[in-house]
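Bear in mind that the values in this text are calculations on the coordinates, not laboratory data. Treat the numbers as computed from the prediction; the structure is a model and nothing was measured. Positions of Cβ are backbone-derived with ideal geometry, glycine not excepted, and every protein chain shown enters the neighbour counts.
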Amino acid sequence: MITLDLSQLTAVVTGGNSGIGQGIVQILLESGAKVISADLAYEDDYKVIDGQLSESRLDLSRSEDIYRWSDIVLEQSGVPDIVVNCAGISTMDYVIDSKLEDWEKVFSINSTGLYLVSKIFAKKMVEAGKPGRIIQMASQAGKNGYRAMGGYCASKHAVLGLTKVMAIELAQHKILVNAVCPGIVETPMKHRERIEGGIIRKMTAEEIYAEDCSQVPLGRTAEVLDVANVVLFLASPLSSYMTGQAINVTGGMTMH
């Protein structure tokens with residue numbers, strides 16, 4: 001377990017109720033940061049769990065919800081030092097069989113929702129003269145193409161484009177903007193994708209898991225902590241000369 005002292009900092013994490021987001025919330029808490037975890041699964045608009053952790057319900061597919069939620073967060077906790085956009089969804093289908101509503105839903109959360117959260121908090125950081133970190137959860141799917149994941153891949157390519165532009169625009173304000181590109185991570189979403197992808201490809205989930213492992217030079221898929229540790233690094237002073245980067249956490253599966 002890697003720990004750094006972030007006890008003077010406040011972090012907002014979207015998608016913090018499960019998977020990679022949950023791991024990021026946990027490692028930031030262990031490092032002393034105050035954390036606001038936002039997720040559609042929470043029931044309350046803003047609920048203090050203890051002095052260090054708060055939870056907020058957030059539907060990233062609805063812009064009005066994002067504006068309302070961000071107003072509450074700013075009122076209750078002030079301008080955050082760290083923003084981690086981790087919430088994301090996927091659908092499985094070949095492009096020629098895919099549905100427009102699925103495409104739009106994936107983009108509304110993975111790209112548009114992430115853009116709005118980034119824009120709102122970055123603007124507040126600039127207005128407050130506050131240096132900060134914006135960390136985008138992209139994917140190796142933002143650098144490659146994968147069958148039956150057209151909408152997801154396209155949405156993550158968009159995330160990397162936004163990361164580069166915001167890094168350039170915000171550098172003068174000492175706001176660092178970077179992306180993390182995980183490979184195959186053992187999360188509830190990945191387990192669902194194996195089942196759905198197996199149906200499309202006429203394979204079992206176990207066969208797809210074996211295929212996944214065979215593609216990784218390190219010989220295994222990632223655990224949530226493998227990704228959360230990299231987010232912690234980007235949130236810490238150790239990454240003070242990095243911006244506009246898309247860091248692979250893929251066990252060697254993607255090397256560009």
Lysine-lysine proximity count for segment 155-242, Cα under 22 Å, sequence distance 8 or more or distinct chains:
4
Once normalised by the length of segment 131-256, the mean sequence separation of its alpha carbon contacts under 8 Å that are 6 or more apart gives a contact order in percent of 34 percent
Exactly which chymotrypsin sites (Phe, Trp or Tyr not before Pro) in segment 1-83 are in a DSSP loop and have at most 11 other Cβ atoms within 10 Å?
none
Cut-off is 10 Å between beta-carbons; in what order do 74, 234 appear when sorted fewest neighbours first?
74, 234
Just the Kirkwood number for segment 14-108, please: inverse of mean 1/r across all distinct Cα pairs, in Å, one decimal.
14.4 Å
What value does the chain have for Rg/Rh, both radii from Cα atoms and Rh as Kirkwood defines it?
0.96
Roughly how many debye, to the nearest 20, is the charge dipole of the chain about its Cα centre, given +1 on each Lys and Arg Cβ, -1 on each Asp and Glu Cβ, and no other charges?
740 debye
What's the center-to-center distance, using Cα atoms, between segment 20-86 and segment 165-220 in Å?
23 Å
Mind listing the long-range amide H neighbours of residue 33? Cut-off is under 5 Å, sequence gap 5 or more, other chains count too, H placed in the peptide plane at 1.01 Å from N.
6
Isotropic mean projected area of the C-alpha convex hull, segment 77-183 (nm²)
6.7 nm²
